[in-house]
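Worksheet: one structure, shown below.
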Amino acid sequence: MSELGFSEPGEGMDMEMAAAAVLADNKDVKVMLRVLGNNLKDSLGDRVQVTRASGGLLHRQSEEAVKAITVHLSQDDYEAHLEGGTVRCTVGRSSGGIRIRNEELPVEQWLARLLAALKDEAVNNQSARAALQSVIIGGGA
């Protein structure tokens with residue numbers, strides 16, 4: 001039995017419930033993006049791009065502030081962009097380096113699909129397994 005509560009990465013985990021738990025723990029979307037980006041970057045390395053927010057001329061932003069994250073898993077790109085106080089989430093499919101589909105989703109559905117993709121990849125990939133565990137059970141913020 002793993003720390004996630006199932007014996008194999010593909011068994012017994014409801015991604016919608018996991019996504020709801022992540023969102024409940026991080027009600028502030030800015031915090032959620034920062035935590036998610038940092039946890040995934042630590043586990044997946046260059047398959048995750050984290051774009052930091054710049055403060056501009058009159059505003060100072062924390063170095064921790066995240067404006068967007070992009071996660072590349074298989075043929076899909078999971079993108080979340082902070083726009084004001086909301087997050088715009090998309091899942092894009094690429095084939096041969098060409099974007100063939102782009103779907104905008106509510107943050108809950110986007111997060112559930114991202115976690116499901118991590119779960120699928122975790123069956124054969126230790127870094128995806130570590131990323132999934134980090135997001136579900138929490139990691140350094």
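Computed values, structure above
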{"quantity": "Flag if residue 97 is modelled with pLDDT of 90 or more and either more than 22 Å from residue 38 (Cβ to Cβ) or aliphatic (A, V, I, L, M) (or both)", "calculated": "no"}
{"quantity": "Unmet requirement for residue 80, which otherwise passes all of (1) among the hydrophobic types (A, V, I, L, M, F, W, C); (2) modelled with pLDDT of 85 or more; (3) out of contact with any Leu (no Cβ under 8 Å at 6 or more places or on another chain); (4) under 26 Å from residue 133 (Cβ atoms)", "calculated": "(3)"}
{"quantity": "Single residue of region 11-58 satisfying the filter (on the phi > 0 side of the Ramachandran plot and modelled with pLDDT under 85) that is surrounded by the most Cβ atoms within 10 Å (Cβ to Cβ)", "calculated": "12"}
{"quantity": "Qualifying residues in region 89-99 (those that are part of a strand (DSSP E or B) and more than 13 Å from the chain's Cα centre (by Cα)) - the one nearest to residue 51 (Cα to Cα)", "calculated": "92"}
{"quantity": "Qualifying position, being farther than 21 Å from residue 43 by Cα and hydroxyl-bearing (Ser, Thr, Tyr), among 94, 127, 74, 134", "calculated": "94"}
{"quantity": "Selection within region 27-53 - closer than 10 Å to residue 69 by Cα and aliphatic (A, V, I, L, M)", "calculated": "33, 36, 40, 48, 50"}
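The rows are residues; the columns are (1) in a strand (DSSP E or B); (2) of a type in the set (Ser, Thr, Tyr); (3) surrounded by fewer than 19 Cβ atoms within 10 Å (Cβ to Cβ).
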residue: 101; (1), (2), (3): yes, no, yes
residue: 109; (1), (2), (3): no, no, yes
residue: 115; (1), (2), (3): no, no, no
residue: 127; (1), (2), (3): no, yes, yes
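The values are calculated or read from the model by the stated rules, or taken from the named source; none is laboratory data. These figures come from a predicted structure and were not determined experimentally. Don't worry about glycine lacking a Cβ; one is built from the backbone with ideal geometry, like all the others, and counts go over all protein chains shown.
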